[in-house]
């Protein structure tokens, strides 16, 4: 007798990684993910890369404004200057 | 043993519970969604075991009989409590229109035995200093800037600023699920962008 919805495939796991890491899945669904991870190198690597990515994002130097915002503000400034002259 | 139980011997019952309780809870967890429900089902099982003792015949071992009662209770409970669909299925349907990983990296119909499993699995994880290297950080910044506005807002607040999910929902007026979908899409894209830099053997 197998439990319902026991089996997860890799293509599903990469979509479930966020609810998994956010810990919002019921225990049985979380356990199904852990069973898959225990036997799948590719998915273990995927989850670890996702954790690494999240850690790396946390270290991105904090720019006070994005370059896009800076460009937009600069455009406003140039328009204002053009209007004046 | 069974005679002692039928006589109402405390020690015999305690011994039985010590022997099997943890195993029964684990088994129940295969049917019901959480620990508390599994505990509940197991306690219900003990009650049924005691009530059924007088009718217990020696056609099976005591353990087999208890397990069969547990399975019955757990299935009944699971049916009663089952949400129409598991959380995972609802989520998978929600995010289905935008795959986190290029579908070509999984086996398809040409390999039915391995369908939807990795054909080209991600390889290796980076040493910690690689994550902090200016090159990796620049890739991440660019990937985040390229995201649609709503995804960019969520990933910035969650993963750069370290806000909680609840705070982000409040600040941006999002439902929990929407917040999570945006975070999922954003993180998946950023991971894909840095993947070549995370594999130590595969420097681009």
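For region A:17-65, the square roots of the Cα gyration tensor eigenvalues, ordered a ≥ b ≥ c, give a/c of at least 1.5 with a/b no greater than b/c, which places it in the oblate category. The length gained on full extension between residue B:93 and residue B:128, counted as 0.36 nm times the residue separation minus their Cα-Cα distance, comes to 9.1 nm. With each label modelled as a point 7 angstrom along the Cα→C-beta vector, the residue B:2-residue B:166 pair spans 5.3 nm.
Placing a label point 7 Å from the Cα of residue A:71 along the Cα-to-Cβ direction, no residue of region B:106-136 has its backbone N under 15 Å from that point. When a/c is below 1.5 the answer is rounded, else prolate if a/b is larger than b/c, else oblate, so apply that to region B:84-204 with a ≥ b ≥ c taken from the square roots of the Cα gyration tensor eigenvalues. Because a/c hits 1.5 or more and a/b fails to exceed b/c, region B:84-204 counts as oblate. Across all Cα pairs in the protein assembly as shown, the calculated P(r) in 10 Å bins from zero up to the longest distance comes to 6, 21, 24, 19, 14, 10, 5, 2, 1, 0, 0 percent per bin. If you take the square roots of the eigenvalues of the alpha-carbon gyration tensor of region B:109-149 and sort them as a ≥ b ≥ c, do you get rounded (a/c under 1.5), prolate (a/b over b/c) or oblate? Oblate, because a/c is 1.5 or more while a/b does not exceed b/c. Each principal axis of the Cα cloud of chain B was evaluated for its coordinate range; sorted largest first, these ranges are 75, 44, 36 Å. Once the Cβ-Cβ distance of residue B:35 and residue B:68 is raised to the sixth power relative to R0 = 30 Å, the FRET efficiency obtained is 0.85.
Distance from a point 7 Å along Cα→Cβ of residue B:53 to each backbone N in region B:1-36: keep the residues under 12 Å and list them by number. In region B:1-36, the label zone of residue B:53 (backbone N under 12 Å from the point 7 Å along Cα→Cβ) covers B:1-17.
The angle between the Cα long axis of helix A:41-59 and the longest principal axis of the Cα atoms of chain A comes to about 30 degrees, rounded to the nearest 10.
Subtracting the Cα-Cα distance of residue B:80 and residue B:21 from 0.36 nm times their residue separation leaves 19.0 nm of extension gain. Mean separation of Cα pairs under 8 Å and 6 or more residues apart, divided by the residue count, gives chain A a relative contact order of 26 percent.
In the protein assembly as shown, helices alone account for a calculated mean residue ellipticity at 222 nm of -21000 deg cm²/dmol, with every DSSP H run of four or more residues adding -39,500 (n - 2.57).
Read-outs throughout are calculated quantities, based only on the coordinates presented, and are distinct from any laboratory measurement. Quick caveat, the model's predicted, so the values are computed rather than measured. As a convention, Cβ positions derive from the backbone with ideal geometry for all residues, glycine included, and neighbour counts pool all protein chains shown.
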